[in-house]
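Encoded as structure tokens, the structure appears first; notes follow it.
The values are calculated or read from the model by the stated rules, or taken from the named source; none is laboratory data. Fair warning: this is a prediction, and the values are worked out from it, not measured in the lab. Don't worry about glycine lacking a Cβ; one is built from the backbone with ideal geometry, like all the others, and counts go over all protein chains shown. Only protein heavy atoms, including side chains, enter the accessible area calculation; ligands, DNA and RNA are left aside. Shrake-Rupley method; radii C 1.70, N 1.55, O 1.52, S 1.80 Å.
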Amino acid sequence: MSDSRAKCHFALVGGVYIDEIHEVAAYPSEDSAIRAASVQRRRGGNVGNSAAVLSQLDAGSVEWVGVVPANGGDGAVAFALDSLHAYNVRTERHERVQGEAIGMPTSMILSSRATGSRTIVSSRRGLRELCAEYFSREVLPALVREHPVLWLHFEGREPGSVARMVAEADRARLAAWRLSVEVEKPTFTPEAVLTLLAGADVAFVSREWVLRNAAALLGGEAASRQRQTERLDDCHLAIATLRALAGRSLAAAKRGSAGVTWVCAWGALGAFALTGVRDEGGRVVETCAVLAAASAVERVVDSVGAGDTFNAAVIASLAAGVGAGEALRAGCLVAGRKVAQAGFDGLT
Ligand code: FRU
């Protein structure tokens, strides 16, 4: 039977970086000098990586929306955009920022063979974030015109401007649009996160954010229990933390039947999600937790972008209409494949 539904278009809004990945035998001590076993230059950035993965999952057409220096950044802009094109990711709706002294955002990454950890030192190199006015003027109207079925994903970079873009997109949204937001930076306050997510359907919240904000959201004994959570063998406190945030979001929800699906990847343990439970009137009144175990990985080869890969696979699955549990399993599976190999090629 042929599927008569229009294929989804995915527009991912956020940063693209140049990653220089130095593979080292073990993470060095401060003020030491070591040799890298290999050095690789790659296009990075959370949504840049997610776009490259989504495109391979055959979920629909994919585009990246973000900002680059108009001066070309010594060839770095072409390198990054070419890499996205190689994955069939469209890039024409990006903003070009004028200025002589600005460059392409860059990350110096140490990838440890001993532990599989990746330590990232990144710099914007003077390039500002995507401007919310540009998004509303140049991007959103075109998406409304061209894509009745759309998944619009935002990387939570500057909370203020991203909140404005999400709110605008929520106002302009067509019936078959879904909006998601990634909250990665632990420094965002719970209040900023709630504002950011006011119009979103799905929130990806990082483990770091949950660990940093557990005490603020749960209060009382949370700080000492938080230390136990860091042992990584228990994500119950994390679920409680996100549930507290979800509770506040429900209380603040303007759209009665709306409710955010909260997704959190928990490293080697797997991932969990909180989904809305509705009352007889269809109103989301509380949340239900769903968990998925991480897929077994013999050796972690390259963990750069593992979370971005997880997000892409969860988005592709939710867009295809499966439930949160299945989407989490898909996320863990594809992220598991990714960490077991270098780079993002051949993940399907
Ligand atoms: C990985 C990553 C890198 C990039 C950095 C930006 O998640 O997106 O590719 O350099 O994070 O913060």
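Ordering GLY99, LEU57, GLY73 by the projection of their Cα atoms onto the charge dipole of the stretch 52-113, which places +1 on the Cβ of Lys and Arg and -1 on the Cβ of Asp and Glu, puts LEU57 at the extreme positive end. Between ALA200, ALA78, ALA52, the residue with the greatest mean-square fluctuation in the GNM of the chain (Cα pairs under 10 Å linked by springs) is ALA78. Debye-formula intensities of the stretch 1-122, expressed as log10 I(q)/I(0) at q = 0.18, 0.21 Å⁻¹, are -0.95, -1.12 (one equal scatterer per alpha-carbon, no solvent).
Summary value for the stretch 1-156: 32 percent relative contact order, contacts being C-alpha pairs under 8 angstrom separated by 6+ residues.
Each Lys and Arg contributes +1 and each Asp and Glu -1, all at the Cβ; summed about the Cα centre of the chain, the dipole is approximately 360 debye. Springs between Cα atoms under 10 Å define the GNM used for the chain, and in it the highest mean-square fluctuation of ARG96, ARG157, ARG137 occurs at ARG137.
May I ask you to give the average projected area over all directions of the convex hull of the Cα atoms of the stretch 52-111, in nm² rounded to one decimal?
Details: hull surface 20.2 nm².
About 5.0 nm², averaged over all directions.
Over the chain, Cα pairs under 8 Å with separation of 6+ residues give a relative contact order of 15 percent.
Annotation for the stretch 237-315: trypsin sites (Lys or Arg not before Pro) lying in DSSP loop with at most 11 further Cβ atoms inside 10 Å of their Cβ are LYS254, ARG255, ARG299. In this simple spin-label approximation, HIS236 and GLU326 carry label points 7 Å from Cα along the Cα→Cβ vector, and these lie 3.1 nm apart.
A Gaussian network model of the chain, with springs between Cα atoms under 10 Å, assigns the largest mean-square fluctuation among PRO28, PRO159, PRO105 to PRO28. The calculated FRET efficiency for GLU133 paired with ILE34, based on their beta-carbon distance and R0 = 51 Å, is about 0.65.
Here r is the Cβ-Cβ distance between ALA86 and ALA172 and R0 is 30 Å; the resulting FRET efficiency, rounded to 0.05, is 0.45. Within the stretch 1-70, the GluC sites (Glu not before Pro) that combine a DSSP coil assignment with at most 10 other C-beta atoms in a 10 angstrom radius are GLU30. Calculated over the stretch 150-207, the projected area of the Cα convex hull averaged across directions stands at 3.5 nm².
Spin-label pair SER122-SER295: with each label point 7 Å from Cα along the Cα-Cβ axis, the two points sit 2.5 nm from one another.
The Rg/Rh ratio for the stretch 105-166 is 1.15, where Rg is the radius of gyration of the alpha carbons and Rh is the Kirkwood radius.
Of the GluC sites (Glu not before Pro) found in the stretch 259-348, those that fall in a DSSP loop while having at most 15 other beta-carbon atoms within 10 Å are GLU280, GLU298.
Give me Rg over Rh for the stretch 1-70, both radii from the alpha carbons and Rh done the Kirkwood way, two decimal places. Intermediate results must be reported in sequence, preceding the final value.
Numbers: Rg = 18.4 Å, Rh = 15.2 Å.
Result: Rg/Rh = 1.21.
Determine by what factor the alpha-carbon radius of gyration of the chain differs from 2.2 N^0.38 Å, reporting the quotient. Working shown, then result.
Working: Rg = 19.8 Å, N = 348, 2.2 N^0.38 = 20.3 Å.
In units of the globular-protein estimate, the chain measures up at 0.97.
Backbone phi angles across the stretch 186-201, fed through the Karplus curve with coefficients 6.51, -1.76 and 1.60 (θ = phi - 60°), yield HN-Hα couplings of x, 7, 5, 6, x, 5, 5, 5, 5, 5, 4, 9, 3, x, 8, 9 Hz in residue order; Gly and Pro are listed as x. Histogrammed with a bin width of 5 Å, the alpha carbon distances of the stretch 278-348 distribute as 3, 17, 22, 20, 14, 10, 5, 4, 3, 1 percent, first bin at zero. Accessible surface of the chain, 1.4 Å probe: 51 percent of it comes from carbon and sulfur atoms.
With only Lys, Arg, Asp and Glu charged, each at its Cβ (+1 for the first two, -1 for the last two), find how big the charge dipole of the stretch 147-214 is about the Cα centre; round to the nearest 20 debye. Intermediate values should be presented prior to the final figure.
Working: 8 positive and 9 negative charges, 11 e Å.
Approximately 60 debye in magnitude.
Residues within the reach of a label modelled at VAL144 (point 7 angstrom out along Cα to beta-carbon, backbone nitrogen below 18 Å), restricted to the stretch 157-171, are 164-171.
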